[in-house]
Each structure stands twice: as C-alpha cells, then as structure tokens.
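All remarks here apply to the structure that follows.
The values are calculated or read from the model by the stated rules, or taken from the named source; none is laboratory data. Since the structure is predicted, the reported quantities are computational estimates derived from the model, not experimental observations. All Cβ positions, glycine included, derive from the backbone under ideal geometry; neighbour counts span all protein chains shown. For the accessible areas, the whole protein counts, side chains as well, though only heavy atoms, and no ligand, DNA or RNA atoms are used. Shrake-Rupley method; radii C 1.70, N 1.55, O 1.52, S 1.80 Å.
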Amino acid sequence: MSNFATFAVVLTLIIMGSITFTILGVVHLFTKNALKKRGFHSNISQQTYQQLQTDLNKITDDLSDIQYELDEIRPDIQQLEFLKYANENGNGM
C-alpha cells in the first residue's frame, strides 16, 4: 500500500507540474504576442541606449572641435577687444 501511495503522490505531482508548465507557457506566449501587437520589442531599450551613447560620443567630438577652434581664435578675439578699448580711451582724450 505504501508503494501505491508513493506512486499516487508522484503521479499527482507530475500531472500538476505538467499542467502548471503548460499554463505558464500559454500565458507567456499570449503575453508576448499581445506586447508585439502593441509595438513592444524586447531589445528596444538596448537599441535606444546604444543610439544615445553614439549621439553622446558625437556631441563630445563636436564640443572638442569647437573648443579647439575657439582656442585657435582666442588671441584674435583678445586683440580685437584690446583695440576696441584702446580706441575708446583714445577718443575720450
């Protein structure tokens, strides 16, 4: 009788596990299908992150280029500022 009880418990567990696995699989498939219909893609976050990283790198490069160009023309701008104030002081005397 003990073997029969053990067999019944094991058989019940196998049946319950199979039903649970089947239900979870069906729920997963329906959820995945519903999300796809609504436009959800599982890797969209990774793609967005990579695009933002690429854009950020481009912005950083652009800022470096602007800084380099400003450093090149800085003496000219300072010279123009000096001439502007020199002319104002010269005209006031």
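A few points about this structure:
- Using the Karplus relation 6.51 cos²θ - 1.76 cosθ + 1.60 with θ = phi - 60°, the per-residue 3J(HN,Hα) values for the range 68-84 come to 4, 5, 5, 5, 5, 9, 4, x, 5, 5, 5, 5, 5, 4, 4, 5, 4 Hz, with x marking Gly and Pro.
- Helices in the chain, meaning DSSP H runs of at least 4 residues, each add -39500 (n - 2.57). Divided by all residues, the mean residue ellipticity at 222 nm is -34000 deg cm²/dmol.
- Sum of side-chain charges, residue 29 neighbourhood, beta-carbon under 14 Å (Lys, Arg +1; Asp, Glu -1): +3
- The chain, accessible surface, carbon-and-sulfur percent (1.4 angstrom probe): 65 percent
- Anisotropy class of the chain from Cα gyration tensor, a/c 1.5 cut: prolate
- Restriction of the chymotrypsin sites (Phe, Trp or Tyr not before Pro) in the range 3-73 to DSSP coil positions whose beta-carbon has at most 14 other beta-carbons within 10 angstrom yields 40.
- Shape category assigned to the range 15-54 from the gyration tensor of Cα positions, a/c cut at 1.5: oblate
- The HN-Hα couplings worked out from phi for the range 9-23 by the Karplus form 6.51 cos²θ - 1.76 cosθ + 1.60 (θ = phi - 60°) are 5, 5, 5, 4, 5, 5, 5, 5, x, 5, 5, 4, 4, 5, 4 Hz, whole numbers, x standing for Gly and Pro.
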